[in-house]
Amino acid sequence: GLAATDLAHPLWSRFARVAAARPAHPAILDEHGELSYAALLSLALRYGGVISARVPAGAPVALCLRTNRHVVAAMLGALFAGRPYVPLDPAYPADHLTRVITHSGAGLVIGEMPADLVPRAGSGPGKIGIVSAADVVTAEAATRGEARPESPAYVIYTSGSTGAPNGVWQDQRGLLHDILQYTQVVQPTCADRHS
């Protein structure tokens with residue numbers, strides 16, 4: 001169960017406790033098959049290692065990943081590193097993705113991207129680093145997290161339907177509070193699956 005006392009700790013510590021308690025239990029089922037909590041923890045620490053090494057403290061990392069184990073692990077890795085993630089949909093137009101990356105101040109983009117975004121992200125005066133999910137799999141795992149409950153968790157951009165997209169952020173305590181409310185209403189068990 002998730003309790004209000006969990007809000008005194010970063011979201012990562014809650015995930016790590018669940019992974020330690022149920023290491024062999026399936027955490028994710030995606031097109032690649034089943035991923036256990038122990039394997040998800042390991043992959044998330046690799047993302048955390050890449051993010052910690054390449055993104056300054058407090059700066060965001062852009063995640064342009066499809067919906068699978070990598071996007072979940074990358075989000076958890078960013079939370080462990082104490083860096084906010086900026087989720088990007090790879091299906092969006094390249095100019096929109098470039099605008100969001102530039103506006104957010106992200107210095108690193110992880111994941112699959114439209115081909116025309118890569119040259120723009122990797123060149124120019126404000127050069128943005130690019131790391132593929134495949135490179136993360138073989139990267140060094142992080143050993144020390146920098147997350148705190150007040151660390152920013154993410155920056156999500158509005159659709160921009162009434163003008164330019166705006167970034168809306170949430171800290172780890174707020175995100176964990178949202179999860180607490182969800183679990184109190186839905187009351188999921190370890191046998192449930194959620195999309």
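The values are calculated or read from the model by the stated rules, or taken from the named source; none is laboratory data. Keep in mind it's a predicted model, so treat the numbers as computed, not measured. Methodologically, a virtual Cβ is constructed for each residue, glycine included, from the backbone with ideal geometry; neighbour enumeration extends over all protein chains shown. Ligands, DNA and RNA are excluded from the accessible area calculation, which covers all protein heavy atoms including side chains. Shrake-Rupley method; radii C 1.70, N 1.55, O 1.52, S 1.80 Å.
Need one value: the accessible area of Thr138 in square angstrom, 1.4 angstrom probe, rounded to the nearest 10.
Around 120 Å² of this residue is reachable by solvent.
With axes computed from alpha carbons, what is the tilt in degrees of helix 94-104 against the longest principal axis of the chain, rounded to the nearest 10 within 0 to 90?
For 94-104 against the chain, the angle is about 70 degrees.
Tell me, what HN-Hα J-couplings in whole Hz come from the Karplus equation 6.51 cos²θ - 1.76 cosθ + 1.60 at θ = phi - 60° for each residue of the stretch 40-53, using x for Gly and Pro?
5, 4, 4, 5, 4, 5, 5, 4, x, x, 5, 5, 4, 6
What distance in nm separates the two pseudo spin-label positions at Arg17 and Asp135, each 7 Å out from Cα along the beta-carbon direction?
Label at Arg17, label at Asp135, 3.6 nm between them.
Per residue of the stretch 62-73, what does 6.51 cos²θ - 1.76 cosθ + 1.60 with θ = phi - 60° give for ³J(HN,Hα)? Whole Hz please, x for Gly and Pro, Karplus curve as stated.
So the J values, rounded to whole Hz, are 8, 10, 10, 10, 6, 7, 7, 4, 5, 5, 5, 5.
Which far-off residues, 5 or more places away or on another chain, put their amide H under 5 Å from the one on Asp171, with H placed in the peptide plane?
Ala153
Compute the orientation-averaged projected area for the stretch 1-82 from the convex hull of its Cα atoms and round it to one decimal in nm².
Dividing the Cα hull surface by four gives the mean projection, 5.9 nm².
How much accessible surface does Ser104 have with a 1.4 Å probe, in Å² rounded to 10?
20
Taking amide H atoms as placed 1.01 Å from N in the peptide plane, list the residues 5 or more away in sequence, or in a different chain, whose amide H sits under 5 Å from that of Ile130.
Val109
Return the distance in nm (one decimal) between the two label points of a simple spin-label model at His103 and Asn166, each offset 7 Å from Cα along Cα→Cβ.
Rounded to a tenth, the inter-label distance reads 1.0 nm.
How much FRET efficiency would the formula 1/(1 + (r/R0)^6) give for Glu34 and Glu150, where r is the Cβ-Cβ distance and R0 is 35 Å, rounded to 0.05?
So, using R0 = 35 Å, E works out to roughly 0.50.
Charges on Cβ only, +1 for Lys and Arg, -1 for Asp and Glu, centred on the Cα centroid of the chain; of Leu29, His96, Pro56, which one is farthest towards the dipole's positive end?
Pro56
Leaving ligands, DNA and RNA out of it, report the carbon-plus-sulfur percent of the accessible area of the stretch 10-83 at a 1.4 Å probe.
59
Once amide H atoms are built 1.01 Å from N in the peptide plane, which residues 5 or more positions from Ala27, or in another chain, come under 5 Å H to H?
Leu35, Ser36, Tyr37
To the nearest 0.05, what FRET efficiency results for Thr67 and Ala4 with a Förster distance of 30 Å applied to their C-beta separation?
0.50
How big is the gap, in Å, between the Cα center of the stretch 138-179 and the Cα center of the stretch 1-52?
16
Give me log10 I(q)/I(0) at q = 0.13 Å⁻¹ for the chain, Debye formula, one equal scatterer per alpha-carbon, no solvent.
Scattering profile of the chain, log10 relative to I(0): -0.70.
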